[in-house]
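Okay, structure first, notes after.
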């Protein structure tokens with residue numbers, strides 16, 4: 001397979017840090033993903049981009065000022081931190097507030113080059129004034145809103161294919177007429193209190209490749225025809241895989257690759273820039289998880 005050496009990739013070394021390797025959230029996956037792509041020839045000095053280290057201030061664009069201030073300074077109460085599900089640390093705050101800037105940079109690169117991939121991102125359970133499900137600030141809501149406000153995009157389609165509904169994204173952007181939120185997720189899965197995206201497609205437990213791929217392709221085709229978006233922000237969650245510990249769908253490894261290729265191909269054929277984020281994925285085999293997340297980059301490199 002030919003590899004496009006110019007495919008823009010976005011990464012920061014602070015995305016992974018020393019962390020409990022028995023925790024359900026695999027903090028090492030970002031560094032492992034980078035290392036896997038580097039070892040296989042996808043990364044070079046020309047195509048790697050690094051966002052600035054962030055703090056809470058940029059996130060005030062879309063989040064409650066008190067929430068992001070208190071989160072950054074370790075002033076949230078225990079209940080709020082338990083809802084997030086991650087132990088507070090300075091390293092966690094550094095990566096948490098840098099990653100949304102990475103997604104925004106990826107989107108800008110996609111607008112310039114047609115396609116770009118972030119080796120992180122997809123924190124779609126973060127709401128306006130609280131975090132949830134390992135998500136503290138919402139990079140998708142931040143990126144879409146900033147692009148619109150800065151006049152870089154006329155309208156944005158957030159196409160979320162993580163196995164869990166993008167509830168935070170849906171709630172935060174509910175009243176933004178320039179951002180369309182679509183979530184294709186397993187209906188009987190977290191979050192158990194769903195929000196209203198502009199389009200929600202709740203899938204049945206155990207859905208397999210053929211039906212899944214038809215739904216994804218048809219939905220994206222129709223949405224691009226209707227919306228003519230300036231950009232597609234694609235959440236390529238790999239927790240749809242049949243052996244994912246939090247998934248509940250029955251999508252094969254090849255089905256994962258086929259989904260990513262289909263989404264990217266549709267965007268390319270219709271001339272719509274697409275920026276990808278990795279979304280969720282859960283696996284006791286941390287290297288296998290990183291290789292799952294690599295699929296979207298490998299498919300993007302074919303264009």
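The values are calculated or read from the model by the stated rules, or taken from the named source; none is laboratory data. The structure presented is a predicted model; accordingly, all values stated were derived computationally and were not measured. Cβ sites come from the backbone with ideal geometry, for glycine too, and all protein chains shown count toward neighbours.
Just a few scattered comments:
- Of the residues 34, 42, the single one that is outside any helix (DSSP H, G or I) and surrounded by 17 or more Cβ atoms within 10 Å (Cβ to Cβ) is 42.
- Listed conditions (1) modelled with pLDDT under 95; (2) closer than 26 Å to residue 141 by Cα are all met by residue 245, apart from (2).
- For the range 201-244, the tally of residues that are without any contact (Cβ under 8 Å) to a residue 60 or more places away in the chain, buried (at least 19 other Cβ atoms within 10 Å of the Cβ) and out of contact with any helix residue (DSSP H, G or I) (no Cβ under 8 Å at 6 or more places or on another chain) stands at 0.
- Residue check for residue 108: without any contact (Cβ under 8 Å) to a residue 60 or more places away in the chain, surrounded by fewer than 16 Cβ atoms within 10 Å (Cβ to Cβ) and either in contact with a strand residue (DSSP E or B) (Cβ under 6 Å, 6 or more places away or on another chain) or part of a helix (DSSP H, G or I) (or both): no
- Taken together, 95, 83 contain a single residue that is at pLDDT 95 or above and surrounded by 16 or more Cβ atoms within 10 Å (Cβ to Cβ), which is 95.
- Flag for residue 174 being under 23 Å from residue 127 (Cβ atoms), touching a strand residue (DSSP E or B) at 6+ places or on another chain (Cβ under 7 Å) and surrounded by fewer than 16 Cβ atoms within 10 Å (Cβ to Cβ): no
- Only one of 14, 47 that is at pLDDT 95 or above and more than 24 Å from residue 286 (Cα to Cα): 47
- Residue match in the range 48-67 (condition: free of Cβ contacts under 8 Å to residues at least 24 places away in the same chain, in a loop (DSSP other than H, G, I, E, B) and over 20 Å from residue 109 (Cα atoms)): no
- Of the strands (runs of 3 or more DSSP E) lying entirely inside the range 179-263, none contains at least 3 residues that are on the phi > 0 side of the Ramachandran plot and under 16 Å from the mean Cα position of the chain (by Cα).
- Check on residue 77, within 21 Å of residue 276 (Cβ to Cβ), over 20 Å from the mean Cα position of the chain (by Cα) and free of Cβ contacts under 8 Å to residues at least 40 places away in the same chain: no
- Under the condition of being over 21 Å from residue 4 (Cβ atoms) and either assigned to a helix (DSSP H, G or I) or free of Cβ contacts under 8 Å to residues at least 24 places away in the same chain (or both), the residues counted in the range 111-145 number 7.
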